[in-house]
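What follows is one structure encoded as C-alpha cells, with my remarks underneath.
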Amino acid sequence: MIRTDTIKKLKKLLRENQRFLLLSHVNPEPDTIGAALSFYHYLKASGKDVHVYNADGVPSFMRFMPHAKIITTRIPALRFDVAICVDAGSTDMLGGHFDTIKKKITVNIDHHRTNTMYGDLNIVDPDASAACELMYALFKKAGIPVDSTVAALLLAGIIYDTGSFRYRNTTSKTLKTAAELIGLGADIGDISEKLYENQSLGRLKLLEMVLDTLELSSDGRIASVELTRSMYEATGTTKEDSEGLIDYPKSIAGVVVAVLFREVKEGKYKISLRSKSNVTISEIAEQFGGGGHKNAAGCTMEGLLFDVKNKVFAKIIERLRQ
Ligand SMILES: [Mn+2]
C-alpha cells in the first residue's frame, strides 16, 4: 500500500524540480531497467531534463526495451535536483558512486525486504513481486499516464522477477497488474519471446560448461554450479550471459537451494542463491554482507573457492535444519 502523503510528496517533488537522475542496480535485469525507463518516459514527456544511469550498461538481451539506448554507464557531471533509485535495496547496489553524485533529494523506489531506507522519500513495498509492479501502483495513484510503451516496460520487469508468473512472489495483485498492463497495450507474447528465446550460441555453450561443474549435496537438497572467468573467454561471452544460469540447478527434483559461484576476479566470488518452497535464503546472503529476497539473494565473498563454498554450504545446511 502506498500512503497518500507519499504520493503528495512525490507529486510536489516532480512539479518543483527540473533535473532528474534515474539509477538502476548493477548486474541489471529487466525489472530495474523497466522501472527506470518507465519513469524516464514520463519525465521526458513532461519536459524534464532526465538522465538514466546503470553502472554496467544494458545487457544485449534487454536492448529491445523501449528507450534502452539512452542509458548511460557514466554519471553526467551535473547537479541533479532529484536522484530516483529503482529496485535497489541499498546504495551499494547502484555501483559505488552514489555518495559522490550531486543531488538535492533522493527517492528510493524498491521492493527488497532488506531495503535500508536510504532515501529522503522511501517508497518500499516488499510484497510487490517486482519494482515494476510497485511502479505501476505508484503511477496509478499519482495519476501518471501509462501508455503502451510504459506498459511494455513494466510488464517485462514483472515477467522477469516472477519467472513468468511461476514464483511465489506472484500474487493476485501481480496478475491484476499484468492484466491491466496487457489491457494498456503490452504484448506479453512478444516480450516473452524477446526475453527468453533470443539467446546467443555462446550463452548456450557457457551453460554447457557451467552445468559440467554441477554438484549435488548427499541428501540431494542443495545444488551448486561454478562459473569461472576462463569460461567467458572460451565461449566469447561476458558476465551478462550468466543471468538466469542458476535456474538450471534449481530445476532439479528435490533441490531446495541452488547456488552459483561466479568468479569476479582472482579470489573474489559473487554468490547467487535461489530457493524453492518456504526456504528463506536472504538471511544467508545477509550474513555474508549481501541481501535480497526470500527466494532470491546474493553476496560477494573473498578467498579460495574451496573455503568460500564450505562457508556458504555450512550456512545453507544450518538453514535447512531449522
Ligand atoms: Mn526487482
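Points to keep in mind about this one:
- Qualifying residue in the stretch 76-91 (condition: within 16 Å of the ligand (Cβ to nearest atom), within 13 Å of the chain's Cα centre (by Cα) and surrounded by fewer than 20 Cβ atoms within 10 Å (Cβ to Cβ)): yes
- Yes/no for residue 57 being of a type outside the set (Phe, Trp, Tyr) and either in a loop (DSSP other than H, G, I, E, B) or over 26 Å from residue 140 (Cβ atoms) (or both): yes
- Residues that are of a type in the set (Lys, Arg) and closer than 18 Å to residue 108 by Cβ within the stretch 1-57 comprise 3, 8, 9, 11, 12, listed in sequence order.
- Some residue of the stretch 92-100 being of a type outside the set (Lys, Arg), surrounded by fewer than 23 Cβ atoms within 10 Å (Cβ to Cβ), more than 16 Å from the ligand (Cβ to nearest atom) and free of Cβ contacts under 8 Å to residues at least 40 places away in the same chain: yes
- Qualifying residue in the stretch 12-26 (condition: of a type in the set (Val, Ile, Thr), within 16 Å of the ligand (Cβ to nearest atom), in contact with a helix residue (DSSP H, G or I) (Cβ under 8 Å, 6 or more places away or on another chain) and assigned by TED's automatic domain parsing to the domain that holds residue 136): yes
- Enumeration of residues in the stretch 43-61 that are in contact (Cβ under 8 Å) with a residue 40 or more places away in the chain and more than 24 Å from residue 79 (Cβ to Cβ): 56, 59, 60, 61
- Out of 37, 10, 21, sole residue that is out of contact with any Ser or Thr (no Cβ under 9 Å at 6 or more places or on another chain) and crowded, with 22+ Cβ neighbours inside 10 Å: 21
- Condition check for residue 210 on (1) outside any loop (DSSP other than H, G, I, E, B); (2) under 18 Å from residue 25 (Cβ atoms): one failure, at (2).
- Unmet criterion (only one of (1) out of contact with any strand residue (DSSP E or B) (no Cβ under 6 Å at 6 or more places or on another chain); (2) within 16 Å of the ligand (Cβ to nearest atom); (3) small (Gly, Ala, Ser)) for residue 131: (1)
The values are calculated or read from the model by the stated rules, or taken from the named source; none is laboratory data. Keep in mind the model is a prediction, meaning the values are calculated, not measured. So basically every Cβ, Gly included, is an ideal-geometry build from the backbone, and we count neighbours across all protein chains shown.
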